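What follows draws every value from the coordinates through simple rules; no lab data is involved. All of these numbers come straight from a predicted model, not from anything done at the bench. All Cβ positions, even for glycine, are placed from backbone atoms using ideal geometry, and neighbour counts span all protein chains on display.
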Amino acid sequence: QTVVTQEPSFSVSPGGTVTLTCGLTSGAVSTSHYPSWFQQTPGQAPRSLIYSTNTRSSGVPDRFSGSILGNKAALAIAGAQADDDSNYYCLLYLGNGIWAFGGGTKVTVL
Amino acid sequence: EVQLVESGGGLVQPGGSLRLSCGASGFTFSNYEMNWVRQAPGKGLEWVSYIGSRGDLKHYADSVKGRFIMSRDNAKASLYLQMNSLRAEDTAVYFCARESNYYDGGSFKRNFDYWGQGTLVTVSS
């Protein structure tokens, strides 16, 4: 069974840049997996940041960018701000109508 | 303004059933595919199920296949999740999410763009 992998946690200094990745236990991530990224704070619904690899959702600042890096999808957060302190989830389309989330990355801005 | 409002959550005993609803407003519901996503307490997001815009195509995660049934009523702009044979591990907040799909310069785009606030299901004796 294919599992979507993410780093459990990252720390970044205010103003710094952090790059999160999203991989598969079997095979490489490609644009055909329609990689999406979501931001979620405790008690809130997820918020769409990036979809289909690199398209920003409405209202998302250009500090957030998506790409394919090697065999993984990536989310870069530039100029980190205090309110970027959140959990980030990637979502991949595995085919045959099936989607799967990664386990999430906790980003701490300090 | 797009709104998705879930309801129907609550406490249910193992082996029991529950029906969740998601009411949609602010967009033409019948034009959109929809999904259910859940989140166990303190855990990550888990995709649960998908339904096509006309309700004729459905997909389920292995963890719920054969126990959960997703449906929709486009006339009522409502989405449903019938959950049967519930287990303790089904305890979670259940979110409905709209899926926006479109072509952009030849590239197909897919986005879970709007989410409800969720409804809590607790399976416990």
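Average projection, convex hull of the Cα set of chain B: 8.1 square nanometres. The residue list B:Q82, B:A40, B:G26 was ranked by how far each Cα lies along the charge dipole of chain B toward its positive end, using unit charges on Cβ atoms, and B:Q82 comes out on top. Shape descriptor for chain A: Rg over Rh equals 0.95 (Cα atoms; Rh from the Kirkwood inverse mean 1/r).
Pairs B:K43/B:K65; A:K106/B:K65; B:K43/B:K76; A:K106/B:K76: which are spaced more than 28 Å apart, C-alpha to C-alpha? Pairs exceeding the cut-off: A:K106/B:K65; B:K43/B:K76; A:K106/B:K76.
Only aspartates and glutamates eight or more places from B:K58 in sequence, or on another chain, were considered; those with a Cα closer than 18 Å are B:E33, B:E46, B:D73, B:E99. For segment B:108-113, 3J(HN,Hα) computed residue by residue from phi via the Karplus equation (6.51, -1.76, 1.60; θ = phi - 60°) reads 8, 10, 9, 9, 7, 8 Hz, glycine and proline entered as x. Calculated on the Cα set of the protein assembly as shown, radius of gyration then Dmax: 17.5, 54 Å.
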